[in-house]
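Report on the following structure.
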Amino acid sequence: MFSYKYEIFTSVIEDKVNKGVLLKGERLPSIREIKKEFGLSIVSIQSGYESLIMKGLVKSIPKRGYFVDKDFENSSQALPKTFFPISRDVDFIHNLELTSARNKSSEANSFNNAVPGDVLIPQKLILRTMQNIIREKGASLLRYYPSNGLEELRNLISDRMRKFGTNIHPDEIIITDGALQALYIALRSITNEGDVIAIESPCVFSVLEIVASLKLKIIEIPMDIQNGFDINYFEKICDEHTIKALVITPNFHNPTGKLMSDSDKKNLVATSAKHKIPIIENDIYGDLYFTEQRPTCLKNFDDENVMTFSSFSKSLAPGIRLGWLNAGKFFQQAEKIKFSLGRSVSPIYQELIVKLLLNNSYGRHLRSFRKKLNQQAMLLLSALKKYFPETSYFHQPKGGYSIWCELPKEINMTEFYNYCEAEKIHFTPGTTFSVTNEYQHCFRVVFSDYLNSESLVLIEKVGKKAHELLLK
């Protein structure tokens, strides 16, 4: 089902461009031809072509028409990584300095904050709804709410996930203070200090921080260039080590943006069940898909071995610290841990999400938000490919917030980051996503804040610097 009328023809064009059926420079159907074939208004057709232009797929040439403006294939591939299945302690102090020093929300030139920017947050919707809740609920918002969260909220989350094929019983849901608390609870429920767990590599820094705080050891599982999480490598380490849990983000992994296929999800669940290893599934980006339908969860393929968690901070606003954990058969232990961390989650945030889910305001917001994110992703990806060296690698995201970048090995990354720092252009260095040294020439670029002409000029500027360093 399309969100906009024009998508009836833009989706066809986009698919043909991405598959190489339509190549760069080819002329596209005129407005008159589109109108005749699809029965759309001229305004809708123009809006459709404008959306394709915003994605970097199409260009308009005055008095000539519309033409494909995207190369079919990336000119290079990311280099394969060499891993050895070694359990390691996590030392995150250096990474904390790298990320927090660059995490200044007031900076206009930041491409490193994986949260929705102020312009993309539905401020009026959120604030208006909160005002209505305060008028309706009054002083009751100042009391403790149920420790596991409002029953109505848990039912709504369960109902919503069931629509996507994920059967989650509301009595097995725990409402948490954001996604990180959900992860903390899940890990504490099934591990003890010194245990070894498996994580993706690269892995988002906040996960490494939680692992370090629990004094767990990790084995990093590489993300395959084409398919994402390397299931064969995971099975190998399961045979050789005692693994107590796997933490994974199958839908729009941060930082690579990879989306795991359904067949790989089934295989991973089967492998995990075979070795009796619980999976902790991070689904915080699952709602931020650019395709026609939401991707499946690992939980769709297993009712016993998978704990799933998510939150609303990535899809609504970063300040809304409300997440949830489906603990499944580990619920009793998870419930005790949650209670020890605090009596209840903010009442007004719980009531807010209830309202937004009940009247489908959340769904309407998501449709608009995904469209904006998709446009920004295509704009940023197009600029990166245009201005950086041809032998650079950039992953094209199908959802989420992130583009994973890898520069040629010949570039001195210390000089590159010093230049970025001097110009106040902030990316997240690849070294923050691992305890290995595999990602020194990689960095993450985030497109969740509003991109303007100044943003693209900055990408051009730093891309030119990369060219200069490559020639040194």
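Evaluation of Thr308 against the conditions (1) open to solvent by 10 Å² or more (accessible area, probe 1.4 Å); (2) closer than 30 Å to Val446 by Cβ; (3) in contact (Cβ under 8 Å) with a residue 40 or more places away in the chain; (4) of a type in the set (Ser, Thr, Tyr) shows that the sole unmet condition is (1).
Remark: pairs (first residue in segment 1-30, open to solvent by 60 Å² or more (accessible area, probe 1.4 Å); second residue assigned to a loop (DSSP other than H, G, I, E, B) and modelled with pLDDT of 75 or more; Cβ separation under 7 Å; 6+ apart in sequence or on different chains) = Lys5/Leu40; Lys16/Leu22; Lys24/Asp69.
Among the criteria (1) closer than 19 Å to Asp287 by Cβ; (2) surrounded by fewer than 18 Cβ atoms within 10 Å (Cβ to Cβ); (3) at pLDDT 95 or above, the one Phe164 does not fulfil is (3). Residues in segment 135-161 that are surrounded by 13 or more Cβ atoms within 10 Å (Cβ to Cβ) and part of a helix (DSSP H, G or I): Lys137, Leu141, Glu152, Leu153, Arg154, Asn155, Leu156, Ile157, Ser158, Arg160, Met161.
Among the residues making up segment 167-204, a single one is within 23 Å of Pro255 (Cα to Cα), open to solvent by 10 Å² or more (accessible area, probe 1.4 Å) and hydroxyl-bearing (Ser, Thr, Tyr): Tyr184.
If you go through segment 274-287 and pick out every residue that is in contact with a helix residue (DSSP H, G or I) (Cβ under 6 Å, 6 or more places away or on another chain) and either within 24 Å of Ile353 (Cβ to Cβ) or outside any loop (DSSP other than H, G, I, E, B) (or both), you end up with 5.
Any chance segment 439-446 includes a residue that's among the charged types (D, E, K, R), in contact with a helix residue (DSSP H, G or I) (Cβ under 8 Å, 6 or more places away or on another chain) and closer than 29 Å to Gly286 by Cβ? Looking for residues that are among the charged types (D, E, K, R), in contact with a helix residue (DSSP H, G or I) (Cβ under 8 Å, 6 or more places away or on another chain) and closer than 29 Å to Gly286 by Cβ, one finds at least one in segment 439-446, hence yes.
The values are calculated or read from the model by the stated rules, or taken from the named source; none is laboratory data. Worth saying up front: this structure is predicted, and the values here are computed from it rather than measured. All Cβ positions, glycine included, derive from the backbone under ideal geometry; neighbour counts span all protein chains shown. Surface areas here come from the heavy atoms of the whole protein model, side chains and all, with no ligands, DNA or RNA. Shrake-Rupley method; radii C 1.70, N 1.55, O 1.52, S 1.80 Å.
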